[in-house]
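*Asks:* Below are the structure tokens for one structure; questions will follow.
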């Protein structure tokens, strides 16, 4: 029995040893065993018009050697790797530069010999070249030197590489990964999506189907983008017609942003990564600037000087930081260490990203204002949009290092309707668009109402103007009187009137109110009203100016009036008194009369009189300083010499000369000639 037990134990031990050797056989090669053979090729059956994914393990090797494109190259020692997943997620974290993928493909015997094959490569990080049986058949982007690569995001950006007549062979893909930048995920590099093989017709149909799915999935966002673009163009056209309405320019820039962002980031093959990455930050900052000043205008915050000042400073600061990224992208970092690029990118990106929250400050400042419901809706929409953008950028740009997932949650679809995906950003952008358009429409209507009211005011002002100057040129017995009045604005501050006196003489009052526009015109009306009241009780021009000055001092508002008063007699005698007004000209010479102090400054001012005799046939010219102070584009004044040279011409000709030279103020000219027909 004991022997039987020993025999059984030996048998049991032998069986266990054989079992252990069987388990270790795959990993413990026997003496003299040959190296492992290349992995079994991928056998594709039933190609026909179908497309087949080239999934499963590929052979992978970092580095670069064009000999690896040859189908005869032995890749059995290479590492197996999966496509459809970045190489960083498969043991090559942080690796940038070159690497190769190889796959041995065998077509089944039922594959039609006349079938033309094609390879569809959906994506590659960052650029690649495709070799089929050693021949270059296509490239996605461009490898160094002078590399070109693109951002993918959600847009279909694939490569169709024709492989020729159906045959078995080796597919080799040479991949180059660009240096890592701040906008980076936790895992990057390589064939991030599975390549697909099929007939050229099937691959073309597959590419069309991908584009259709993308359009279907994003049609809501594309519709919002289209509406925003149309509204932006309308706002831009309206601004070009009236440059003073800068709110329309801010509106146009704000609404055009979705189009700009999609053009530089999501349109396949349009803008390479270096330029899109270098400009998107500047575009976002410019959009933020426009959105902030649009908010300030629509929320009636323009009187908050500190807010306007700091909004300008913060916006320009963000743009300056983003321009650093633009300059960085001018260099070819594939030839240098990526660490300098990465840290410079990080330090120049974080400040403008944090500054994106400034819109919250503007909305908080508006909470102290009494605003209508439409403006509050706008404020809330801007606040939500600003928060979503800021959270997405702050948590998403540095996802590689923080591993935060909030940014992904923000951009992830929250609902899908009929294949159309809607994310929080889509919804807030839609609400923001309609809120901006609603408030902008109300704002423009308010501006139109104000413009209409202003036109009514100017219509009333023109009626006031008719009181400042006679509707038609009055007559003075024995004189040929000419008059010209050219206001610098709709209404002016110059005025003149002629009052017949009981002794047969005529009293001419010519004045110029400081300032321009409606305020000056109203003050001129006030002065003329006082002149009418004083004309009969004041026997001489000097006494009239003295009394008029006291009235103007009583109504003082910080301004003043220059005035010339001339009493003209039928025999040509003229008594002239001036309150700071330009002297008249007689037959081409300036009359030496006392200047005096303008009306409305000192209450106890006394004025002097000068008596002159007007010879028959000679011209007396009275004018306002709008003639003397006319200024040409070179900054040169019309001046006394030019005025003296034309002083014997008619009032209309003198005024026209000054206006053509360069009118800067109201122009009033009167000319009198004694004894003319």
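Read-outs: derived from the displayed coordinates by stated rules, not from any lab. These figures come from a predicted structure and were not determined experimentally. FYI the Cβ positions are ideal-geometry reconstructions off the backbone, even for glycines, and counts take in every protein chain you see.
*Asks:* If packing is taken as the average number of other Cβ atoms within 10 Å across a peptide's residues, how do 60-71, 343-354 rank, most packed first?
*Replies:* Result, highest mean first: 343-354, 60-71.
*Asks:* Taking Cα pairs under 8 Å and at least six residues apart, what relative contact order does the range 53-199 come out at, in percent?
*Replies:* 37
*Asks:* What shape does the range 469-674 take by its C-alpha gyration tensor, where a ≥ b ≥ c are the square roots of the eigenvalues and a/c under 1.5 counts as rounded, a/b above b/c as prolate, and the rest as oblate? Walk me through the numbers on the way to the answer.
*Replies:* On the way: a/c = 1.56, a/b = 1.06, b/c = 1.47.
Taking the square roots of the gyration eigenvalues as a ≥ b ≥ c, the range 469-674 is oblate.
*Asks:* Percent relative contact order of the chain, based on C-alpha pairs within less than 8 angstrom and at least six residues apart?
*Replies:* Details: 1247 pairs, mean separation 59.3, N = 677.
Relative contact order here is 9 percent.
*Asks:* Using Cα centres only, tell me the gap between the range 70-105 and the range 492-562 in whole Å.
*Replies:* After rounding, the separation between the Cα centres reads 96 Å.
*Asks:* If you rank 356, 652 by fewest surrounding Cβ atoms within 10 Å, what's the result?
*Replies:* Final ranking by Cβ density, sparse to dense: 652, 356.
*Asks:* Further question: Among 400, 216, rank each residue by its count of other Cβ atoms within 10 Å, from fewest to most, as a rough exposure measure.
*Replies:* The most exposed by this proxy come first: 216, 400.
*Asks:* For a quick check: sort 381, 128 by the number of other beta carbons within 10 angstrom, fewest at the front.
*Replies:* Neighbour counts put them in this order, fewest first: 381, 128.
*Asks:* Still on this structure, please answer the following. Run the helix sum for the chain: -39,500 (n - 2.57) per DSSP H stretch of 4+ residues, divided by residue count, reported at 222 nm to the nearest 500 deg cm²/dmol.
*Replies:* So the helix-based figure for the chain works out to -15000 deg cm²/dmol.
*Asks:* Of [x] 26.7; [y] 27.7; [z] 33.4, which is the value of Kirkwood radius over Cα pairs in Å derived from the coordinates here?
*Replies:* For Kirkwood radius over Cα pairs in Å, the calculated option is [z].
*Asks:* What's the center-to-center distance, using Cα atoms, between the range 308-381 and the range 162-191 in Å?
*Replies:* 34
*Asks:* Please compute the Cα-Cα pair-distance distribution of the range 213-450 with 10 Å bins starting at 0, giving whole percents from short to long.
*Replies:* 7, 29, 37, 21, 6, 1, 0
*Asks:* Report relative contact order for the range 555-626 in percent, whole number only (criteria: Cα-Cα under 8 Å, sequence separation at least 6).
*Replies:* 35
*Asks:* Another question, then. Is the shape of the range 584-639 rounded, prolate or oblate, going by the alpha carbon gyration tensor and its root eigenvalues a ≥ b ≥ c, with a/c under 1.5 for rounded and a/b larger than b/c for prolate?
*Replies:* Cα axes put the range 584-639 in the oblate bin.
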